[in-house]
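Notes to accompany the following structure.
The values are calculated or read from the model by the stated rules, or taken from the named source; none is laboratory data. This one's a predicted model, so the numbers in the text were calculated from it and none came from an experiment. Note that each Cβ is placed from the backbone with ideal geometry, even for glycine, and that neighbours are counted across all protein chains shown.
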Amino acid sequence: MRLYSVRYLFSEGVKNVWKNRMMSIASVGVLIICFILTGVFTLLSISIKNTLKSIESRNTIKVFLKDQVETEEAVNLESKLHEIDNVASCRFYSREEAQEKYKEQLGDIYEQMKERNFLPHSYYVTLKDLSQYKETVAEIKELPEVDIISSRVELFDKLTKFNRFISSVGLVLTLVLALIALFIITNTIRLTMYSRRQEISIMKSVGATNTFIRIPFIIEGMVIGIFSAIVASFSLNVFYNFIVESVRKNISFFYTPVLHNLVFYLLVYFTIAGIVFGVIGGGLSIRKYLSKGVYGK
Amino acid sequence: MIRFEDVSKVYPNGTVALEHINLHVKKGEFVFVVGSSGSGKSTFLKSITREETPTSGKIFIADEDISKLPKTKVPFLRRKMGIVFQDFRLIKNMNVFDNVAFAMRATGASEKEIKNRVPYILALVGLACKEKSMPTQLSGGEQQRVGLSRALVNNPKLIIADEPTGNIDPRMSYEILELLNEINKMGTTILMVTHEQELVRKFGKRVVEIKNGKIVQAAA
Ligand SMILES: Nc1ncnc2c1ncn2[C@@H]1O[C@H](COP(=O)(O)OP(=O)(O)OP(=O)(O)O)[C@@H](O)[C@H]1O
Ligand SMILES: [Mg+2]
């Protein structure tokens, strides 16, 4: 195809969007919602995966001893801990040390605690092999002196389950939204085609090829798709950064990474999706009109 | 130019529109197709433009059997002909120039070619000064001249016109016929369906009469 035809067909496609602007706006709206929801679920899933990774990579676990364990007993536990294969090192924190450490957070309670320190003795245990994480945590728990372990195993499990849930909900939602978006785009383009049915029949009578007739409508779909992709990308980027900020402040364990070039990736993926939607939508909607006669009655 | 060999057309609903048509139209001929309403004239033209495919028989256009032409080749067949409609088929929101240019754009012509060709054709049909007019600002005769320009602009060897004067008054009809006659003199083959006996008599061209799907009179 020659350059001037490309230019002509492209401008016809853009004109279609404008001529049928009410429906175009509706399509863009639905597509944006579709993109944003899909994006939110994807980003959420990515964040959970990152959190999982960061939990895994923190090879230090906190072992709290039972209240009644006396200081001497507690100190002696070190050798027992070292007997466990997967333990690389351990450091003892007495309840007094803990009290000093949390002085600030404790505030008024700090003074009361001078009389009775209810903080337990604890150990910081570092592991050698992270893949043995769960097993080692279980083994340490077996020790009679040990009360609770802030091992994050439960959190890990919960997050893993949650992630699975989010992923499948996200997938279903994305598919449903994609179908809705496709339906809307197809109907938008059908409407444009309806308003241009006479032109289509004239084009056929003068010998325009089906491809040539089809292209402006595919471009119409693509323009809608690309425009939605751009708006959705930037909105989602702003939204994500806002979420990251507030999560940082409020939920310390939840690891929401700053995704560099997020806009760029969103743009790329969404634009590709938008183009695919446009092409399929445009292709689907024109069939009816191409099979109609030149006389178009 | 056009050859029908034992062509029959039965519509899916069982209507027999054409029956064993044999006809030869030579290059450069001007043929009037006449017959009463429902006799099959439009079907005859539609089988030339491949709007309809014959149920049996062969149709040759420039020695190519178009009854078996694959769908993807139909647009290229249509580029060899210009079609004129009874109801003009102009695009309401395009001016005269763009209506004519539309046929060129639709077949991938460049703007430069369009700028050269469209004014030339409009001058040929006497509408040089109406380039910017909208179809609604034109008389029926003028509108049909725009329709004719659009059919001519891609330089076809054949003009197919189904009652081109059916919607315009007799004096205007005569002008359109004069124009077609001029175009025919330049070597373009013309096939025109009409109900107007007077025009047929006045121009004294070859007449093909169709009656109940059969050719009853094919002089020359
Ligand atoms: N698409 C169709 N399906 C079924 N029957 C059709 C179709 N088109 C035309 N016919 C029938 O075929 C016959 C011939 O129709 P055609 O349109 O060729 O007639 P015509 O000579 O052009 O008539 P008119 O002078 O009124 O335009 C008529 O009986 C008509 O009802
Ligand atoms: Mg007819």
Q: For residues that are under 18 Å from residue A:212 (Cβ atoms) and surrounded by fewer than 20 Cβ atoms within 10 Å (Cβ to Cβ), scanning just segment B:75-90, find the one that is nearest to the other protein chains (Cβ to nearest Cβ).
A: B:79
**Q.** All positions within segment B:161-182 that are more than 16 Å from ligand 2 (Cβ to nearest atom), surrounded by 14 or more Cβ atoms within 10 Å (Cβ to Cβ) and under 16 Å from the mean Cα position of the chain (by Cα)
**A.** B:173, B:176, B:177, B:179, B:180
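To keep it simple, each residue is scored yes or no on (1) at the interface with chain A (Cβ under 9 Å from one of its Cβ atoms); (2) surrounded by fewer than 18 Cβ atoms within 10 Å (Cβ to Cβ); (3) not in a loop (DSSP other than H, G, I, E, B).
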{"residue": "B:92", "(1), (2), (3)": "yes, yes, no"}
{"residue": "B:100", "(1), (2), (3)": "no, no, yes"}
{"residue": "B:103", "(1), (2), (3)": "yes, no, yes"}
{"residue": "B:115", "(1), (2), (3)": "no, yes, yes"}
{"residue": "B:118", "(1), (2), (3)": "no, no, yes"}
{"residue": "B:122", "(1), (2), (3)": "no, no, yes"}
{"residue": "B:133", "(1), (2), (3)": "no, yes, no"}
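How many residues, within segment B:196-208, are in a loop (DSSP other than H, G, I, E, B) and either more than 13 Å from ligand 1 (Cβ to nearest atom) or surrounded by 18 or more Cβ atoms within 10 Å (Cβ to Cβ) (or both)? If you could, list the steps in order and put the result at the bottom.
Initially, segment B:196-208 is screened for residues in a loop (DSSP other than H, G, I, E, B), giving B:196, B:204-205.
Cutting the leftovers down to either more than 13 Å from ligand 1 (Cβ to nearest atom) or surrounded by 18 or more Cβ atoms within 10 Å (Cβ to Cβ) (or both) gives us B:204-205.
Qualifying residue count for the region: 2.
Looking only at segment B:1-38, which residues are out of contact with any helix residue (DSSP H, G or I) (no Cβ under 6 Å at 6 or more places or on another chain), among the aromatic types (Phe, Trp, Tyr) and under 25 Å from residue B:187 (Cβ atoms)?
If we filter segment B:1-38 for residues that are out of contact with any helix residue (DSSP H, G or I) (no Cβ under 6 Å at 6 or more places or on another chain), which is where we start, we get B:1-8, B:10-16, B:19-29, B:31, B:34, B:36-38.
Next, only the ones that are among the aromatic types (Phe, Trp, Tyr) stay: B:4, B:11.
Selection gives B:4 alone.
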Q: Please indicate, with yes or no, whether at least one residue in segment B:148-161 is in a loop (DSSP other than H, G, I, E, B), in contact (Cβ under 8 Å) with a residue 60 or more places away in the chain and within 29 Å of residue B:198 (Cβ to Cβ).
A: yes
Q) Given (1) away from chain A (no Cβ under 14 Å); (2) modelled with pLDDT of 95 or more, where does residue B:44 come up short, assuming only one miss? A) (1)
Q: Say whether the condition of being within 22 Å of residue B:200 (Cβ to Cβ), within 16 Å of ligand 2 (Cβ to nearest atom) and within 14 Å of chain A (Cβ to nearest Cβ) is met by at least one residue in segment B:19-37.
A: no
Q | Given (1) in contact with a helix residue (DSSP H, G or I) (Cβ under 7 Å, 6 or more places away or on another chain); (2) modelled with pLDDT of 85 or more; (3) polar (S, T, N, Q), number of the condition residue A:79 does not satisfy | A | (1)
Q | Enumeration of residues in segment B:144-182 that are within 17 Å of residue B:85 (Cβ to Cβ), more than 16 Å from ligand 1 (Cβ to nearest atom) and within 14 Å of another protein chain (Cβ to nearest Cβ) | A | B:146, B:147, B:148, B:149, B:150, B:151, B:152, B:153, B:154, B:156, B:158, B:159
Q. Which of the following residues is of a type in the set (A, V, I, L, M), touching a residue at least 60 places away in the same chain (Cβ under 8 Å) and more than 16 Å from ligand 2 (Cβ to nearest atom): B:61, B:66?
A. B:61
Q) How many of the residues making up segment A:185-196 are within 11 Å of chain B (Cβ to nearest Cβ) and surrounded by fewer than 20 Cβ atoms within 10 Å (Cβ to Cβ)? A) 1
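Could you tell me which residue of segment A:1-18 is nearest to the other protein chains (Cβ to nearest Cβ), considering only residues that are of a type in the set (Phe, Trp, Tyr) and under 10 Å from residue A:216 (Cβ atoms)?
Residues of segment A:1-18 that are of a type in the set (Phe, Trp, Tyr), as a first pass: A:4, A:8, A:10, A:18.
Checking which are under 10 Å from residue A:216 (Cβ atoms) leaves us with A:8, A:10.
On the way: A:8: 6, A:10: 13 Å.
Among those that are of a type in the set (Phe, Trp, Tyr) and under 10 Å from residue A:216 (Cβ atoms), it is A:8.
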Q | Subset of segment B:17-52 that is more than 12 Å from ligand 1 (Cβ to nearest atom) and assigned to a loop (DSSP other than H, G, I, E, B) - its residue that is surrounded by the most Cβ atoms within 10 Å (Cβ to Cβ) | A | B:49
Q) Taking segment A:19-57 only, how many residues are within 14 Å of another protein chain (Cβ to nearest Cβ) and among the small types (Gly, Ala, Ser)? A) 0
Q: Quick one: which residue in B:62, B:109 is among the hydrophobic types (A, V, I, L, M, F, W, C) and within 14 Å of another protein chain (Cβ to nearest Cβ)?
A: B:109
Q) Among the residues of segment B:183-195, which ones are in contact with a helix residue (DSSP H, G or I) (Cβ under 8 Å, 6 or more places away or on another chain), away from chain A (no Cβ under 14 Å) and either assigned to a helix (DSSP H, G or I) or within 16 Å of ligand 2 (Cβ to nearest atom) (or both)? A) B:183, B:191, B:192, B:194
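Taking residue B:4, is it more than 16 Å from ligand 2 (Cβ to nearest atom), among the aromatic types (Phe, Trp, Tyr) and part of a strand (DSSP E or B)?
Yes: the conditions hold for residue B:4.
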Q: Give segment B:47-57 a look and list any residue that's more than 14 Å from chain A (Cβ to nearest Cβ) and either within 12 Å of ligand 2 (Cβ to nearest atom) or touching a Lys or Arg at 6+ places or on another chain (Cβ under 8 Å) (or both), or say none.
A: B:54, B:55
